[in-house]
Amino acid sequence: MSSIKVRKICCIGAGYVGGPTMSVIADKCPEIEVKVVDINKERITAWNDTDLNKLPIFEPGLDQIISRTRGRNLFFSSEMEKAISDSDMIFISVNTPTKTKGLGAGQASDLSWVEASARQVAKFAKGHTIVIEKSTLPVRTAQAIKEILNTTNRENQKNEISKTFSVLSNPEFLAEGTAISDLENPDRVLIGGEDPIAINALVNIYLNWVSREKIICTNLWSSELSKLAANAFLAQRISSINSISAFCEATGADIQEVAKAIGTDKRIGNQFLCAGPGFGGSCFKKDILNLVYLSGYFGLPEVANYWNQVVLLNTWQQDRIYKIVLEKLFGTVNGKNIAILGFAFKANTNDTRESPAIRIASDLLEEGALLSIYDPKVSFERVQEDFEEFSFDNQGIWKMANSIPDALKEVDAVLILTDWEEFFGLDWNYLASLMRVPAWIFDTRSVVNRQEIENTGLNLWKLGERS
Ligand code: NAD
Ligand code: UGA
């Protein structure tokens, strides 16, 4: 079998996936030149900032990789045409949000950005190019990409411009907050495709740091579906444990004990069993909704209903938490001061997309609460945009606090929504002295230790424990 030696890679999309993924490829393959391009010029400027604290995304370990690769064999640029035409291999890593309008609105993925990327590739590529779906896509999207590339190609052929393409699927499984370690030591790398030479070229790139047994090759459709199915299974686990958390509160069982007891069964496993305020992040909800849409499209309504329930339970968990806060504070939060600790959808990221904090905080604001929000990595502007996007009739007022004590001054309650390391082991005796009396702690992430709270005079509600 002949082989292709990849010398230049382009990645379209410099986001949470494109940025870290290409940084790691550049780090592990110093002989390959990697260019990451984006239509968002501000984002590219931030990726090129000499102050590594200003990178557009926060991921532990990313700054060190950027400092050794940027300018060596890793480049961030807005010059799409040149980057595409120079490359042997192009990753499409653009956003695929849920459609907001038209057929399938609220469920199907909006593929506008993927289609635009494919058209750019068709227009600017030269010679033979391997095109890789890195974005998470509905099953059979590769067919559409091939058609776009080949139709444009026929036009090129009329003008005697010769170019050819191979399309592969290579979904990304990194989780935010642990992206670098996930990329450096993945559980598996999945490659779907039909062209053995293209598959081999991509396998050879990963072989620079991933062992052969971890590289799974499948057909295109299995690869596309496996990504959606993996996210659906993970999200389902969270909805399952969250449903049991409500059961624990009703019965006196303890969610930590239950999670440990069931997780020791090897068939169930102990990972991903932390009950919380519901899953957030840009992907779980969108990918399950996409699966629901596709199930309906392929005439499988029972399958659609089954997966839809995972999303419904997630929303219910968020609503339930807001209602508990309301109930414990005598049925009203109007004019009451409430501190929110954690706005990111999980620890170790500055990402707030679909964060449970948005819905819960919005509901409290709608009831007239006065919120002071503290998150070590989320900016005022980010929170403001999130509240603007989430439609609600805002009666309350919110501000960002600079520190935990600043957030807790004179509050009637504190609501812990993200499990940032710095929220563990706090001096609650001291913090209680800053708060009003009586005051509540609502802990949705099992951050607080019940014994530590006992002599502070604070009331404690913990998710998954009877109070
Ligand atoms: P993102 O929104 O952070 O980044 C996407 C980037 O693509 C944006 O900067 C946007 O400006 C750019 N873009 C869009 N259209 C473009 C075009 N035509 N040309 C150039 N640039 C363009 O999104 P993300 O979180 O990186 O996710 C990207 C894809 O990866 C999605 O399909 C997502 O489902 C999937 N994914 C995300 C994660 C995650 O943890 N965020 C993990 C695995 C897979
Ligand atoms: C998730 C998957 O874990 C990745 O494999 C996948 O690549 C990615 O989605 C994607 O396709 O975007 P991510 O959303 O970044 O990654 O983070 P997770 O660690 O999966 O957490 C998702 C949400 O579930 C967070 O809100 C988190 O707090 C919550 N969660 C997670 C729990 O409530 N309990 C748990 O036990 C685990």
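The values are calculated or read from the model by the stated rules, or taken from the named source; none is laboratory data. This one's a predicted model, so the numbers in the text were calculated from it and none came from an experiment. Backbone-built Cβ (ideal geometry, glycine too); neighbour counts: all protein chains shown.
Could you list all residues from region 187-236 that are under 24 Å from G280 (Cβ atoms), polar (S, T, N, Q) and touching a Ser or Thr at 6+ places or on another chain (Cβ under 8 Å)?
S226, N231
Is one or more of the residues making up region 60-73 in contact with a strand residue (DSSP E or B) (Cβ under 7 Å, 6 or more places away or on another chain), buried (at least 18 other Cβ atoms within 10 Å of the Cβ) and over 30 Å from D287 (Cα atoms)? Working first, answer last.
Filtering region 60-73 down to residues in contact with a strand residue (DSSP E or B) (Cβ under 7 Å, 6 or more places away or on another chain) leaves 73.
Then drop every residue that is not buried (at least 18 other Cβ atoms within 10 Å of the Cβ), which leaves 73.
The next check asks that each one be over 30 Å from D287 (Cα atoms); those that pass are 73.
Within region 60-73 (the criterion being in contact with a strand residue (DSSP E or B) (Cβ under 7 Å, 6 or more places away or on another chain), buried (at least 18 other Cβ atoms within 10 Å of the Cβ) and over 30 Å from D287 (Cα atoms)), the answer is yes, since at least one residue qualifies.
What number of residues in region 388-402 are modelled with pLDDT of 95 or more and more than 20 Å from D412 (Cβ to Cβ)?
Going through region 388-402 one residue at a time, the tally reaches 1.
Determine which member of the set F380, F390 is surrounded by fewer than 20 Cβ atoms within 10 Å (Cβ to Cβ), more than 30 Å from I180 (Cα to Cα), within 21 Å of the chain's Cα centre (by Cα) and not hydroxyl-bearing (S, T, Y).
F390
Does K399 satisfy being among the basic types (K, R) and out of contact with any strand residue (DSSP E or B) (no Cβ under 6 Å at 6 or more places or on another chain)?
So K399 does not fit the description; no.
Search region 22-54 for residues being surrounded by fewer than 24 Cβ atoms within 10 Å (Cβ to Cβ), polar (S, T, N, Q) and not in a loop (DSSP other than H, G, I, E, B), and hand back the single one that is nearest to ligand 2 (Cβ to nearest atom).
The residue in question is N53.
Of everything in region 184-200, what is within 16 Å of P171 (Cα to Cα) and not polar (S, T, N, Q)? Give them in sequence order.
Hits for region 184-200 are E184, P186, D187, R188, V189, L190, I191, G192, G193, E194, A198, I199.
Between a first residue in region 169-187 that is of a type in the set (A, V, I, L, M, F, W, C) and a second residue that is away from ligand 2 (no atom under 12 Å from the Cβ), which pairs have beta carbons less than 7 Å apart while being 6 or more apart in sequence or on different chains?
I180/V24; I180/P60; I180/G61; I180/L62; I180/I65; L183/V24
Could you check, for region 266-275, whether at least one of its residues is over 22 Å from G464 (Cα atoms), surrounded by fewer than 22 Cβ atoms within 10 Å (Cβ to Cβ) and away from ligand 1 (no atom under 16 Å from the Cβ)?
yes
I'd like the full set of residues that are crowded, with 18+ Cβ neighbours inside 10 Å and not in a helix (DSSP H, G or I), limited to region 442-461.
Within region 442-461, the first condition is being crowded, with 18+ Cβ neighbours inside 10 Å, and the residues that meet it are 442-448, 453, 456, 458, 460-461.
Those that are crowded, with 18+ Cβ neighbours inside 10 Å and not in a helix (DSSP H, G or I): F442, D443, T444, R445, S446, V447, V448, L458, L460, W461.
From the set of residues in region 9-21 that are of a type in the set (V, I, T) and more than 16 Å from ligand 2 (Cβ to nearest atom), which is nearest to S87 (Cα to Cα)?
Among residues in region 9-21 that are of a type in the set (V, I, T) and more than 16 Å from ligand 2 (Cβ to nearest atom), the one nearest to S87 (Cα to Cα) is I9.
For region 186-209: of the residues being within 16 Å of ligand 1 (Cβ to nearest atom) and in a loop (DSSP other than H, G, I, E, B), which is surrounded by the most Cβ atoms within 10 Å (Cβ to Cβ)?
The qualifying residue surrounded by the most Cβ atoms within 10 Å (Cβ to Cβ) is P186.
If you check F58, F91, which single one turns out to be at pLDDT below 95 and either in contact with a Phe, Trp or Tyr (Cβ under 6 Å, 6 or more places away or on another chain) or not polar (S, T, N, Q) (or both)?
Among F58, F91, only F58 is at pLDDT below 95 and either in contact with a Phe, Trp or Tyr (Cβ under 6 Å, 6 or more places away or on another chain) or not polar (S, T, N, Q) (or both).
Please determine whether any residue of region 60-70 is in contact with a Lys or Arg (Cβ under 7 Å, 6 or more places away or on another chain) and assigned to a strand (DSSP E or B).
No, that holds for no residue.
For region 342-359, which residues satisfy the criterion of being surrounded by 24 or more Cβ atoms within 10 Å (Cβ to Cβ) and away from ligand 1 (no atom under 16 Å from the Cβ)?
G342, F343, P356, A357
With the condition kept exactly as written, say whether any residue in region 447-467 is in contact with a Cys (Cβ under 8 Å, 6 or more places away or on another chain), among the polar types (S, T, N, Q) and touching a residue at least 12 places away in the same chain (Cβ under 8 Å).
no
Yes or no: L365 part of a helix (DSSP H, G or I) and either farther than 18 Å from G276 by Cβ or in contact with a Phe, Trp or Tyr (Cβ under 9 Å, 6 or more places away or on another chain) (or both)?
yes
Which members of region 126-142 meet the condition of being over 12 Å from I92 (Cβ atoms) and either of a type in the set (S, T, Y) or in contact (Cβ under 8 Å) with a residue 40 or more places away in the chain (or both)?
Taking region 126-142 and keeping what is over 12 Å from I92 (Cβ atoms), we get 126-128, 138-140.
The answer is K126, H128, P138, V139, R140.
Answer yes if at least one residue in region 94-114 is assigned to a helix (DSSP H, G or I) and closer than 25 Å to A26 by Cβ, and no otherwise. Talk me through it step by step, then tell me what you get.
First, pick out the residues of region 94-114 that are assigned to a helix (DSSP H, G or I): 112-114.
Filter again for closer than 25 Å to A26 by Cβ, leaving 113-114.
Among the residues of region 94-114, at least one is assigned to a helix (DSSP H, G or I) and closer than 25 Å to A26 by Cβ, which makes the answer yes.
Yes/no matrix, rows are residues, columns are (1) crowded, with 19+ Cβ neighbours inside 10 Å; (2) within 16 Å of ligand 2 (Cβ to nearest atom):
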| residue | (1), (2) |
| --- | --- |
| A108 | yes, no |
| S112 | no, no |
| V121 | yes, no |
| A125 | yes, no |
| S135 | yes, yes |
| A142 | yes, no |
| T151 | no, no |
| V167 | yes, no |
| N170 | yes, yes |
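Would you confirm whether or not region 10-27 contains a residue that is over 27 Å from F165 (Cβ atoms), in contact (Cβ under 8 Å) with a residue 60 or more places away in the chain and of a type outside the set (F, W, Y)?
Within region 10-27, none of the residues are over 27 Å from F165 (Cβ atoms), in contact (Cβ under 8 Å) with a residue 60 or more places away in the chain and of a type outside the set (F, W, Y).
Considering only residues of region 293-308 that are of a type in the set (A, V, I, L, M) and farther than 23 Å from V17 by Cβ, which is surrounded by the most Cβ atoms within 10 Å (Cβ to Cβ)? Steps first, please.
Restricting attention to region 293-308, the residues satisfying the condition of being of a type in the set (A, V, I, L, M) are 294, 300, 303-304.
Filter once more, keeping what is farther than 23 Å from V17 by Cβ: 300, 303-304.
On the way: L300: 13, V303: 15, A304: 20.
Among them, the one singled out is A304.
Looking only at region 419-441, filter to residues that are outside any helix (DSSP H, G or I) and aromatic (F, W, Y); which one of those is nearest to T349 (Cα to Cα)?
Taking region 419-441 first, the residues outside any helix (DSSP H, G or I) are 419-420, 424-427, 435-441.
Filter once more, keeping what is aromatic (F, W, Y): 420, 424, 440.
On the way: W420: 10, F424: 17, W440: 27 Å.
Among residues in region 419-441 that are outside any helix (DSSP H, G or I) and aromatic (F, W, Y), the one nearest to T349 (Cα to Cα) is W420.
Do we find a residue being closer than 17 Å to G177 by Cα and in the same structural domain as F124 (by TED's automatic domain parsing) anywhere in region 28-45?
So far as region 28-45 goes, no, none of its residues is closer than 17 Å to G177 by Cα and in the same structural domain as F124 (by TED's automatic domain parsing).
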